[in-house]
Amino acid sequence: MTVLPKNIIPCPHSSFRRFGGIIFFLMFLFLLDLAWGSIRIPITDVFNTFLGKGSDEIYSEILINFRLPKAITAILAGSALSVSGLMMQTLFRNPLADPYVLGVSSGASLGAALVMMTTGIIAGSAGSWIVVIAAIAGAALVMMLVVGVSFKVQSAVSLLIVGIMFGTIVSSIVGVLQYFSNPDAIKLFVMWNLGSLSAVTWEHLKILTPIILIGLILTYSLQRRLDGLLLGENYAKGLGISIVQTRIFIVIITSLLSGAVTAFTGPIGFVGIAVPHIARGIFKTASHRILIPASILLGAVLILICDIVSQILAYTLPINTISSLFGAPVIIWIILKRR
Amino acid sequence: MILKPNALMMSGYNQADASAQRIRQAGIPVIYNNEWKETSLLGRAEWIKFVAEFYDKAELADSIFLEIETRYNEMKSKAMHVEKKPGIMAGSNFRGTWYMPAGRSFMSELFRDAGGDYFYQNDAATGSLPLNVETVLKNFSDTDVWLNCSFSTIDELVKTDSKHALFRPVKENRVYNFNKRFLPSTANDFWESAIARPDLLLGDVIAILHPEILPDWELVYASRLSP
């Protein structure tokens, strides 16, 4: 049994109460996201549809094939990105690290950009899968490069810099593609880049859900190693934690989570940076045993709130801009607090 | 510059364009064509007179445009006096956003002049409206005709998004695209010659909405989606 300093071990009772509160809030937001949208569906119709007694075909279609997969995607994306952000912040001991810092999301963008802007294949059911597969391939490519570099590199800071550089290279290639494309293709790629939860259909969810669940479970299994990393690399080695191995696990799982989400929804910013800090603020602990589930729940909460806000008008607001509007004030608060 | 043209004609998006300046410095005059700023279909087509001036063919351009204008207005007056105006929808769902033409856009003008009823025809914006799929389902599910759908077959349309099947035009097979003159390289003549021939475009839409007015019309740019 390893001995960890006191401020890492949290007080159990208040944590349970807080978790309970957040879980209730999450369920409430989930129902709200289903009930609210651009058109008003009466609450009785909402309940009837989910109890199988729905009468209006349009309402049923909207609730079951539009709002429900969107709400589930919101929860999956929110949890995956927050937990990835948490791992990145722990690995690099940097409060401003986000899930995209290793360039994985840029890799996904490159895959999507290549498909959309060179071949013009976007319409058609096959089209959306081609974009997803290309995005996953792009993310996987960058991930493998970063993992390869992690073997060679000594400090975490070097890995961070290399990751950012990979991201920059890939983004530049995307820029070149945009320069040579016709306006229609560019418009579609820009729309992809703004992120969209409603792009994910039930078919997509069949693939996305298991990937995210596996990623989240694997993350939780790393919690002791993550705590060890927080103590500093020498202490961690003393506890028997292999730094290189841990780094590689973290890179792979983060790439899996953030790459998968980005491939299906497009990039969604700021959730990854902001939520771990909100979790630390609420639970007042640095223990990953608490922070991982907390980030999962709070990430889902935040994205659900963003989704509800973005769907209130007749016009859809892109999720990426809404999440940034929420996340940026949090970052400012962090900076001010650190003084 | 290697081509050594007599002049360069470009769109006047940015009058202080650096590359245009360089062309001018090489002694090649730059002509700004602002037809894209016109707010009406006929207005856009009238720019043929502008281009004709550079080739000393002003009279020819005048007569061509007069023909186009007369034909357009003739068809328009016939179509606008019909009693029953079919409802129209346009565009399709892309990742949760459905772009519909705004009230003062070219598409909306086309629908109105062809004797159609378009839900957003009184909207004051030009360009497109980025609508939520839910709003589109609510306002357009019971409409009559679906124009400017960018797919080629109904099967593809429904496979991309099952919600597309909920619209009455899909159930009644009255969905049309503007891809009749479309090359495999993804070049579409709708974006090229249709600008100069609004009369053909109007004829297409009238033939779709009110076949009794133009019984012998052969569609030029529009084609019905095959099942």
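If amide H atoms are built 1.01 Å from N in the plane of the peptide, which residues on other chains or at least 5 residues away come under 5 Å of the amide H of B:TYR99? HN-HN under 5 Å from B:TYR99: B:SER92, B:PHE94, B:LEU131.
For chain A, modelled as a GNM whose springs connect Cα atoms under 10 angstrom apart, the maximal fluctuation among A:SER14, A:SER255, A:SER82 occurs at A:SER14. The distance linking the stretch A:154-199 with the stretch B:141-177 is 33 Å (Cα centroid to Cα centroid, whole angstrom). Taking every residue in A:59-67 and counting other chain Cβ atoms within 10 Å of its Cβ, the average works out to 4.
Can you give the mean number of other chain Cβ atoms that lie within 10 Å of the Cβ atoms in peptide A:201-208? List each step's numbers first, then the result.
Numbers: counts 4, 1, 1, 0, 0, 0, 0, 0.
Counting other chains' Cβ atoms within 10 Å and averaging over A:201-208 gives 1.
Computing Rg and the Kirkwood Rh from the Cα coordinates of chain B gives a ratio, Rg/Rh, of 1.02. Computed over Cα pairs, the Kirkwood radius of chain A leads via Stokes-Einstein (1.567 mPa s, 4 °C) to a diffusion coefficient of 62 µm² per second.
Considering only B:HIS164, A:THR246, B:ALA45, the residue lying farthest towards the positive end of the dipole of the protein assembly as shown is A:THR246, judged by Cα position with unit charges set on Cβ.
When you look at the Cβ of every residue in A:181-189, what mean number of other chain Cβ atoms sits within 10 Å?
On the way: counts 0, 3, 0, 4, 1, 0, 2, 2, 0.
So the per-residue partner count for this stretch is 1.
In chain A, which whole DSSP H runs stretch at least 27 Å along their own axis (Cα) and average -1.0 or higher on the Kyte-Doolittle scale? Don't skip to the end; give the middle numbers.
Details: long enough: A:12-35 (34 Å, 1.20); A:68-92 (36 Å, 1.30); A:125-152 (42 Å, 1.98); A:156-180 (37 Å, 2.02); A:202-221 (29 Å, 1.22); A:243-265 (32 Å, 1.70); A:288-310 (32 Å, 1.99); A:319-338 (29 Å, 1.31).
Those that pass (Cα extent of 27 Å or more, hydropathy at least -1.0) are A:12-35, A:68-92, A:125-152, A:156-180, A:202-221, A:243-265, A:288-310, A:319-338.
The GNM of chain A, with springs linking C-alpha atoms under 10 angstrom apart, assigns the highest mean-square fluctuation among A:GLN89, A:GLN154, A:GLN178 to A:GLN154. Comparing Cα centroids, the stretch B:211-227 and the stretch B:109-137 end up 22 angstrom apart.
To the nearest 0.05, how large is the calculated FRET efficiency for B:SER150 and A:MET165 if R₀ is 51 Å and r is the Cβ-Cβ distance?
Working: r = 39 Å, r/R0 = 0.76.
Here the calculated transfer efficiency is 0.85.
Protection proxy ranking for B:119-126, B:68-75, A:98-105, using the average of other Cβ atoms within 10 Å per residue and placing the highest first: A:98-105, B:68-75, B:119-126.
For the stretch B:84-141, a crude dipole built from +1 on the beta carbon of Lys and Arg and -1 on the beta carbon of Asp and Glu, taken about the Cα centre, is about 80 debye to the nearest 20. The residue among B:PHE54, B:ASN93, B:TYR72 whose Cα reaches farthest toward the positive pole of the charge dipole of the stretch B:54-129, with charges on the beta-carbon of Lys, Arg, Asp and Glu, is B:ASN93. Translational diffusion of the protein assembly as shown was estimated from the Stokes-Einstein equation, with Rh taken as the Kirkwood radius over Cα pairs; at 10 °C and 1.306 mPa s the coefficient is 60 µm²/s. With the charge dipole of the protein assembly as shown set up from +1 on Lys and Arg Cβ and -1 on Asp and Glu Cβ about the Cα centre, the Cα lying farthest toward the positive end among the listed residues A:ILE303, B:PHE182, B:ALA26 is that of A:ILE303.
Calculated from DSSP H runs of 4 or more alone, at -39500 (n - 2.57) each and per residue, what is the 222 nm mean residue ellipticity of chain A, nearest 500? Write out the running numbers ahead of the final one.
Numbers: 15 runs with 251 residues, N = 339.
Helix-only estimate at 222 nm: -25000 deg cm²/dmol.
Adding -39500 (n - 2.57) for every DSSP H run of four residues or longer, then dividing by how many residues chain B holds, sets the calculated 222 nm ellipticity at -10000 deg cm²/dmol. Using a Gaussian network model of chain B in which every pair of alpha carbons under 10 angstrom is joined by a spring, one finds that among B:ALA90, B:ALA165, B:ALA196 the greatest mean-square fluctuation is at B:ALA165. According to the Cα-based calculation, Rg over Rh for the stretch A:122-198 is 1.07, with Rh computed by the Kirkwood formula. The value of relative contact order for chain A, using C-alpha pairs under 8 Å at least six residues apart, is 30 percent.
Measure out, as a whole number of angstrom, how far apart the alpha-carbon centroids of the stretch B:63-99 and the stretch A:258-296 sit. The two parts, judged by their Cα centres, are 51 Å apart.
Taking the Cα centre of chain B as origin and assigning +1 to Lys and Arg Cβ atoms and -1 to Asp and Glu Cβ atoms, the resulting dipole is close to 660 debye. For B:MET9, the residues whose amide H sits under 5 Å from its own are B:ILE31, ignoring neighbours fewer than 5 places away on the same chain, with H placed 1.01 Å from N.
Readers should treat all values here as calculations from the given coordinates under stated rules, not as data from a laboratory. Being a predicted model, the structure only gives us computed values, none of them experimental. Here the Cβ is made from the backbone with ideal geometry for all residues, glycine too, and neighbour counts use every protein chain on show.
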